[in-house]
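**Student:** Here's a structure for you.
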């Protein structure tokens, strides 16, 4: 499994969501006829004729792009992740997390307990709690349902997960569930800006 969910240090398999772009919108034929005055039966025949006319054009398009498609490669989390990753103990406080983030100019800190991911804390979490809960231990306030990835997960899957769950980073773990890196949205953007030949659309 290339992605897992860590819930308070316990790991389980993460099942990839179905591609939302694959959903098809089905229209009721009668409603279309009534509302727009369209003769769909006639249009269907025209569409069949158009398909025959465009068949050769489509085949030519596929042939033209065959070489381009064959040159595409697959990239993985290990190619863009930051490593070694800065982490913090679950026994440290919010104030400690703030100091560490400011020192290294980072926005996320995986929170570890016994060298395994217990949760994650962001700069937003720190700012929201710094004035009132500055001395609170991270184990009591960090987000404990963390989606983590393996080094060999494809980059476009990482991007899809971040978009679907509205998250900004994914910790990268080894097969023994120990942390070895982190991938952020910034890492993905830098990869694209550098002129990646990959199709990373999701």
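Read-outs: derived from the displayed coordinates by stated rules, not from any lab. For clarity, every value in this text was computed on a predicted model and none was experimentally measured. Reconstructed Cβ throughout: ideal geometry from the backbone, glycine too, with neighbour counts over all protein chains shown.
**Student:** What Kirkwood radius, in Å to one decimal, follows from the Cα pairs of the stretch 104-202?
**Tutor:** 14.8 Å is the Kirkwood radius here.
**Student:** At 0.36 nm per residue, and after removing the present C-alpha to C-alpha distance, how many nm does the segment from residue 124 to residue 5 gain when stretched out fully?
**Tutor:** So the chain would gain 40.7 nm between residue 124 and residue 5.
**Student:** In nm, give the distance between the simple-model label positions of residue 145 and residue 13, each being 7 Å from the Cα along the Cα-to-Cβ direction.
**Tutor:** That separation, rounded to one decimal, is 2.0 nm.
**Student:** What is the order of 103, 86, 108, fewest Cβ neighbours within 10 Å to most?
**Tutor:** Fewest-to-most Cβ neighbours within 10 Å comes out as 103, 86, 108.
**Student:** Still on this structure, please answer the following. Can you give me the distance in nm between label points at residue 134 and residue 79, each placed 7 Å from the Cα along the Cα-to-Cβ direction?
**Tutor:** With each label placed 7 Å out from Cα toward Cβ, I get 4.5 nm.
**Student:** Expected output is a single nm value to one decimal: the length gained when fully extending between residue 100 and residue 175, i.e. 0.36 nm times separation in residues minus the C-alpha distance. What is it?
**Tutor:** Full extension from residue 100 to residue 175 adds 24.3 nm.
**Student:** Next question, about the same structure. Between residue 164 and residue 115, what's the calculated FRET efficiency when r is the beta-carbon distance and R0 is 35 Å? Round to 0.05.
**Tutor:** 0.75
**Student:** Okay, moving on. Can you tell me which of 109-119, 160-170 comes out highest on packing, and rank the rest after it, using the mean Cβ neighbours within 10 Å?
**Tutor:** Going from most to least packed, we get 109-119, 160-170.
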